[in-house]
Amino acid sequence: MGRDDEVSAVVETLSGVGHARTLALAGVAGVGRTAVLKEAWRIATGDGVKVLRLAWESAEGEPGVPALVHAVCQVLVGIRDGRLPVRITEIRRAELRTAGRDGDLTVLSTMSRMLADAAHYVPFALVIDDCERMPAPTASALGLMLRAFRPAGLPVVMAYGLEAPGHPGSEAPGHPGSELLAAADRVLDLVPLTEGDVPALVEQWLGRPTEPEVAQAVMRSLGPLAGNPRALLSVLGALVEDAGLLELDGRILLVSGQDALRLGGTAAEACRVACPGLPLEEEVLVRMVVFAHLVAAAEFRLSDVQDMGEWTPGKAVTNVQMVDWLVTHRVLTVDRAGVLAFAVPAFAAALRTTPPPSLGLPASHAGIVTSTVGRMGLAASADQPRLAEHVVAAGELIEDENAARLLLTAAGAYAGVAPGRAVRAYLAALRRLPTDYPGRVRILRTAAVLAWSAAGPAGMLALGEPLCATVDAGPGAVSAGLADPATAWGLAALYQHIWADGEGAEPWRVVRRLPGSAELAELGSRYGIGPAMPEPHRGTRAMGATAPQADRDRAAGRASAAAARLTDAGGPEPHAMPAAGWPGAVAATVDGPTGGRDPALMGTAARPDAAETDMWPAGDGSTDGIAVVAWTEAGVDGPGDGLSYGLARGPVWAPAPEPPSPARLRQLASPARLRLLAAVVSGGDALRAARADLPPDGSGDRVLESMRTAAGYGDLAGAFAAVLEDWCHTGWGSVAERYRAMVSAYTAGRWDEALSCARRIEAYVRGPRVAGPSMLARVLAAEIHCTSGEQQRALAWLGQVPDTVVHPLGGWVRLGVRYRSGNPDEAFEGGWRDVRRARESGLLEGLERLLGRLFQYGGYEDRPEVTHRAVSELEALYEESASPRAGEALLLAQSVLRRDPDHVREVLDLAAERGDKPLRLLCLEMGAMADKAPEPWLAAAVEEAYELGVRHIERSPLGHWARAHGLSLSAPRRRTAGGGASELDLQLVELVSDGATNRQIAVRLACSEKTVEQHLTRLFRRTGCRSRSELAAARLDGRLDWLGLPPDSQRRRRTA
């Protein structure tokens, strides 16, 4: 792959037609020398060239001229022309005449003449591979023969392996192969594959088109070996073995996380790929395994290598020497801060599959912590907060009291510079503190603030375990101070589609018990998160019903209570940390970015001579505070005997009094806004009551329209962004945000991009992450495939959606898939059932889509009872919800019944203004139903469908209808940015359509079969076809007109 020029050069030399009679093929290990040589050998042999190999490794005799004589004689044995005895006799006679004298030149000259004589009678080419392993005397003799006595008429190709740049010995003069390279007319360097060649290699090896992320992740995992084919294929083999790949829609996606990508095979086999030439001694492998585990668990520096030896006498020097040796051989790298890392991450991952030695890694981490604290005092984790990772990795070898002290100090130091690490340190400290420790709530609140600010959904979801443990340990009601961590966890759970009854949903029970947070738990099901059917929303009513006055009174009461809670911005009165049992504890804080404290103090610990500490003011939440912790100087015990790691008894650092919640978190999770997000799904009185709870500028018409659009697709992230605008730009890459990107691509008509989003969501939730599936992403993917005429793929996506998902989007797609499967009765029955369930659940936004499709299909089937019922339901829906989308659907249906296409044009203009391509396609189809002359509408609809990427219009109701009116389904002529198809593309389409095999195509195009495979893969990707038969079918029905090819029938008529 990507070596066509190199293969051609070697073939030319072997065939004797190239400019170089002696060619050296050079490259580092794994770059593809053997593959290029074998492919060139195969092509040359197929062209009738006789190729022989110089078997130097099996030659008898002393290295040098004697071994070369034996190898050359073995080559001559392969030439059967009757002159073999003469040639062998000449060589042996020259060898005997010069025995005991300096007659090597005579022997070399004679061997060269005999090889030339054999090539004269029977032309052949000579291949010499693995030259870098050839003994130096033999290589020197061969190089001298090729330079001084070059055999006339004999092409020679040598494959020579180079050391990696910078590797010890790579530049050494007198290397065994240096004289061979000097004898070559041309040295062909095999450079690593380019970034563009790697995806092609990945697709060829996997046999399927792949998403770009697969090749990108593999290349990142290989570092400097990113273009090394051997290393690339090793990682791909390990991915297949570890089930780290997922196939969807005929494409391959990556499921495993980046850290899971490893080189295949055992640790020794991985070492041969990553570090060719490195001695594979057992001690070396064991040390590399240990370092791989240490580097993965915590930030590991050069200074830590010495610290490891302070508690294991006699090991310090050995460890230092080993690290120096590994750095010299470029196995490890060191940055300016002294942090050690493996040059090839996939190699480190492969080493971690081997268990560490029996001594255990916790002891190593504990030794690093103990030595560092002993050297630096109790301020160690403030100056070096990275010790927190070593404390966690050391486990029980460090006492809980001392571990909590170091972790809390490190968290305070991290807070201003690395919030994600600060959150992990706070949560690790909570696991070490007693369950009745009075500061647990404040630590959780501080962690929640930091997690929301920068840690992302992973850090916020990590709050769940300590949140439940804190609630379970405390008697009575849940503390109001847990509202922030509970809200942060709930928001992350919604964004990751963790529904209230799904896996990992235990913290929802805490969220439900907190005042003002229960709405979070109810919100998910109203946006299609999870398979559960939502309960009817409070404040909503069925269509045609009237909201009782009591319900309105209760809604007003809830609004008043919510307003009262919103005015309570200060929260609990701040107070100092109780010191009972923890003498000497001092609390310290640092203000946020707009506070009045010195910014230079951000992320550092307060000194013990501080007399007193500021407290957090009640405040209005306008600044985001960062909590740090104080420390008290004390002595440190030594390591003691064995593995007894103890620090001096002293105070545990106490977190500062809780900072106020960030304004963003408070705004996002306010009960009033949550009620608005839930009520917009239902519309009507519930929506009006929810809007009344907010300030006048908090839910304007533009905001409301965006929320309704998002709610119709079950797009929770879009709804949050609409109601909060700039407050809600998280950029986490969560499931909800990925689905929002999919909806945006779908409505904009970028359906291939939307399907790619759906596949990535599926791979994301099946990987090593805490996330639930997006049911509506599966639904929308099924809709795209159904509209494109790919019914089997639509059924595959829809089959993963439980029937209990009652969001109207699911009913809309189920109706379309059933109808296009040829079951109109079942489709209509299921459609009305889905309408009823959506009503009962209060899910009205988006229901107009389902009713509009029922009307449309009723018209196709000429069933007036279906169309009239759908219109009646649309009228009731519009009256109930007052949704503009329901009004548009009703207007389209009435226009069809009245045969009035003018109103269809009004909705068509609105769709164009919003950039809603699917609605535009629907309007064109409805216009054809409303107009007495449907042909222009149908032609425009066909063109619109092609622009959306629909590949099989002939299978859709639109296609059947267009053909019935005599319209052509040929795609409009489109040209790519490069100016259309190349001549090679046109030739390939013609040959495949004529039934030619790859071998026949290779003969016609004068190239190899692998080259044909590569070109066909690119052509399939470009045309959207998945097989030769589909490409031929597309050629026949005119779907490849945009390539510059007329339909096959026209071609044959012109030919005739």
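We did not get these values from a lab; they are worked out from the coordinates using the rules stated. Please read these numbers as outputs of a predicted model, since none were measured by experiment. Virtual Cβ from ideal backbone geometry, glycine too; neighbours counted across all protein chains shown.
Amide H to amide H, with H built 1.01 Å from N, A341 comes under 5 Å of T333, counting only residues 5 or more places away or on other chains. When the convex hull of its Cα atoms is viewed from all sides, segment 906-975 shows a mean projected area of 4.9 nm². When the alpha carbon gyration tensor of segment 265-359 is reduced to an equivalent ellipsoid, the three semi-axes, largest first, read 20, 15, 13 Å.
Taking amide hydrogens as placed 1.01 Å from N in the peptide plane, the amide H of L188 sits under 5 Å from those of A24, L25, A26, each at least 5 positions away in sequence or on another chain. Stretching D501 away from V86 to a fully extended chain increases their span by 140.5 nm, per 0.36 nm per residue minus the current alpha-carbon distance. Cβ-Cβ distance of V320 and A268, R₀ of 25 Å, FRET efficiency by 1/(1 + (r/R0)^6): the value works out to about 0.55. Computed over the alpha carbons of segment 816-881, Rg followed by Dmax gives 11.4, 34 Å. With R₀ set to 56 Å, the beta-carbon distance separating A964 from Q1000 gives a calculated FRET efficiency near 0.85. Fewest neighbouring Cβ atoms within 10 Å first, the residues D985, D436, D304, D400 line up as D436, D400, D985, D304.
With semi-axes defined as the square roots of five times the eigenvalues of the C-alpha gyration tensor, the equivalent ellipsoid of segment 4-189 measures 26, 22, 12 Å, largest first. Under the simplified labelling scheme, the T435-R1022 pair shows an inter-label distance of 6.7 nm, with each label point 7 Å from Cα along Cα→Cβ.
Modelled spin-label separation between A518 and A692, with each label point placed 7 Å from Cα along the Cα-to-Cβ direction: 2.1 nm.
With N the number of residues in segment 209-295, Rg(Cα) / (2.2 N^0.38 Å) evaluates to 1.17.
Pairs of alpha carbons in segment 205-254 separated by more than 19 Å make up 19% of all such pairs. Size descriptor for segment 246-287, Kirkwood hydrodynamic radius: 12.7 Å (Cα pairs only, one decimal).
By the count of neighbouring beta-carbon atoms within 10 Å, fewest first, I252, I784, I529 end up ordered I252, I784, I529. Rounded, prolate or oblate: which fits segment 41-92, taking a ≥ b ≥ c as square roots of the Cα gyration tensor eigenvalues, rounded meaning a/c under 1.5, else prolate when a/b beats b/c? Cα axes put segment 41-92 in the oblate bin. Equivalent-ellipsoid semi-axes for segment 728-804 (Cα gyration tensor, √(5λ), whole Å, largest first): 21, 16, 10.
In plain terms, the residue of L433, L332 with the fewest other Cβ atoms within 10 Å comes first and the most crowded comes last, giving L433, L332. Among the trypsin sites (Lys or Arg not before Pro) in segment 64-96, those located in a DSSP loop and surrounded by at most 11 other Cβ atoms within 10 Å of their own Cβ are R80. Taking 0.36 nm per residue of separation and subtracting the current Cα-Cα distance, fully stretching the chain between E826 and V187 would add 223.0 nm.
A Förster distance of 60 Å, applied to the separation of the beta-carbon atoms of V417 and T45, puts the FRET efficiency at 0.40.
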